[in-house]
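**Student:** Dropping a structure here in structure tokens format, bear with me for questions.
The values are calculated or read from the model by the stated rules, or taken from the named source; none is laboratory data. In this text the structure is predicted, and so the values were computed from the model without any measurement. For neighbour counting, all protein chains shown are included, and Cβ atoms are generated from backbone atoms with ideal geometry for every residue, glycine included. Note: areas computed on protein heavy atoms with side chains; ligands, DNA, RNA excluded. Shrake-Rupley method; radii C 1.70, N 1.55, O 1.52, S 1.80 Å.
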Amino acid sequence: MEWSTKPHRRDQPFGSWADDLAEAFVRLEPRRIADQPFEGAISRIDAAPIKVSLVKATRHTVLRLASHIKASTDDLCFVNLQLEGLGRTTQRGHEQIAAPGDLAIADTTEPFEIYNCRNFRLFCFAVPRRLLPKAFFDDPRLKLSATEGGRALSRTLAGYADLCLSAPVAPQLAIGAHVVDLIAHAPDMLAELPAERMNVPVLLSMMLDHIDRCSRDVELGAAALAAKFRCSERYVHRLFAQTGRSVGEHINEKRLDAATRDLLDPACRHKTIAEIAFDAGFCDISHFNRLFKRSQGLAPREFRRTMGGQGD
């Protein structure tokens, strides 16, 4: 579902934005903080047991008032992942400043204010309160950008949100529950616990996400993952054994995907097979050729020629 507001009347600076917010989230009151034209847009998808939204708007503040709560039966918590801009969420005497990459928590059963002093973009995860630990509401400060583990979690959550908003319905059913698990363990990222003490699915998801982003790095492997996530190589191998594939197999799959895309890309026609293999992260052209033929049934040069490209 999508909502978009571009008001034209000066006496109605927010146009339908209050109603848009109520339909997409809960009843909220928008207020101006600058004399400028307002624009806002929301995209939302249901990913049981949560709802995932992308919000883009010019700077303003929104309030959840006692009158809203009195007329509501909602029992949700908003977990907002700041992508652009700077947000300040105030509730129960706590003030959360969210820079890009940070999470901010807002409990809809009590009044709050979310103040965005700049034009902003964020992902909002609307999560039933019962699914989150009580500690979230006692001290909801989740400045993920402050730690390496927090930054990795932030990137992973953003990746899942993107997938939810673009994927077919079926994958969303699993993603929603997994996002809740990731959010619930966010305090562990800030505490920088040793990897062996972290939730296994959460840590594995973060490692897989890192592989997705960094597969072209020739140094990527179990040792690099162990160093980044502060654990032993042996522990990395134990984690990946649960997937039924080794660390190297996961990395090679992503590198083969990258090489395949380049072989099909007209913009890469000037590149040799070796250049494409090395750009994808492979160090040994013979190894690349064997893996590629096993995956595609054709050698890279034959694949390129067959698919309409050109050979070396």
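**Student:** Identify all residues within the range 237-248 that are more than 13 Å from G281 (Cα to Cα) and either at pLDDT 90 or above or surrounded by 12 or more Cβ atoms within 10 Å (Cβ to Cβ) (or both); write none if there are none.
**Tutor:** Across the range 237-248, the qualifying residues are H237, R238, L239, F240, A241, T243, G244, R245, S246, V247.
**Student:** In addition: List the residue pairs whose Cβ atoms are under 7 Å apart, where the first residue sits in the range 260-289 and is assigned to a helix (DSSP H, G or I), the second is open to solvent by 60 Å² or more (accessible area, probe 1.4 Å) and among the hydrophobic types (A, V, I, L, M, F, W, C), and the two are 6 or more positions apart or on different chains.
**Tutor:** Going by the 7 Å Cβ cut-off, the qualifying pairs are L264/M307.
**Student:** Related question: Scan R230, R261, R234 and give me the residue that is open to solvent by 10 Å² or more (accessible area, probe 1.4 Å) and in contact with a helix residue (DSSP H, G or I) (Cβ under 7 Å, 6 or more places away or on another chain).
**Tutor:** Values: R261 fails: in contact with a helix residue (DSSP H, G or I) (Cβ under 7 Å, 6 or more places away or on another chain); R234 fails: in contact with a helix residue (DSSP H, G or I) (Cβ under 7 Å, 6 or more places away or on another chain).
Within the list R230, R261, R234, the selection yields R230.
**Student:** Now for a different question. Any residue at all in the range 109-131 that's open to solvent by less than 30 Å² (accessible area, probe 1.4 Å) and on the phi > 0 side of the Ramachandran plot?
**Tutor:** No, that holds for no residue.
**Student:** Confirm whether I273 is over 29 Å from the mean Cα position of the chain (by Cα) and surrounded by 18 or more Cβ atoms within 10 Å (Cβ to Cβ).
**Tutor:** Against the criterion (over 29 Å from the mean Cα position of the chain (by Cα) and surrounded by 18 or more Cβ atoms within 10 Å (Cβ to Cβ)), I273 qualifies.
**Student:** Out of A191, A184, I need the residue that is surrounded by fewer than 19 Cβ atoms within 10 Å (Cβ to Cβ) and at pLDDT 80 or above. Which one? It would help to see each step written out before you state the result.
**Tutor:** Details: A191 fails: at pLDDT 80 or above.
None of the others qualify; the one that does is A184.
**Student:** Among (1) of a type in the set (V, I, T); (2) open to solvent by 10 Å² or more (accessible area, probe 1.4 Å); (3) not in a strand (DSSP E or B), there is one condition V26 misses while meeting the rest; what is its number?
**Tutor:** Answer for V26: the failing condition is (2).
**Student:** Against the definition (touching a helix residue (DSSP H, G or I) at 6+ places or on another chain (Cβ under 8 Å), part of a strand (DSSP E or B) and over 23 Å from A167 (Cβ atoms)), how does I42 come out, yes or no? It would help to see each step written out before you state the result.
**Tutor:** Numbers: touching a helix residue (DSSP H, G or I) at 6+ places or on another chain (Cβ under 8 Å): yes; part of a strand (DSSP E or B): yes; over 23 Å from A167 (Cβ atoms): no.
No, not satisfied.
**Student:** Would you pick out the residues in the range 1-14 that are surrounded by fewer than 18 Cβ atoms within 10 Å (Cβ to Cβ) and either modelled with pLDDT of 85 or more or part of a helix (DSSP H, G or I) (or both)?
**Tutor:** Within the range 1-14, M1, E2, S4 qualify.
**Student:** Filter the range 39-71 down to residues that are open to solvent by 10 Å² or more (accessible area, probe 1.4 Å) and without any contact (Cβ under 8 Å) to a residue 40 or more places away in the chain and give me whichever is nearest to R121 (Cα to Cα).
**Tutor:** Checking each candidate, the answer is A41.
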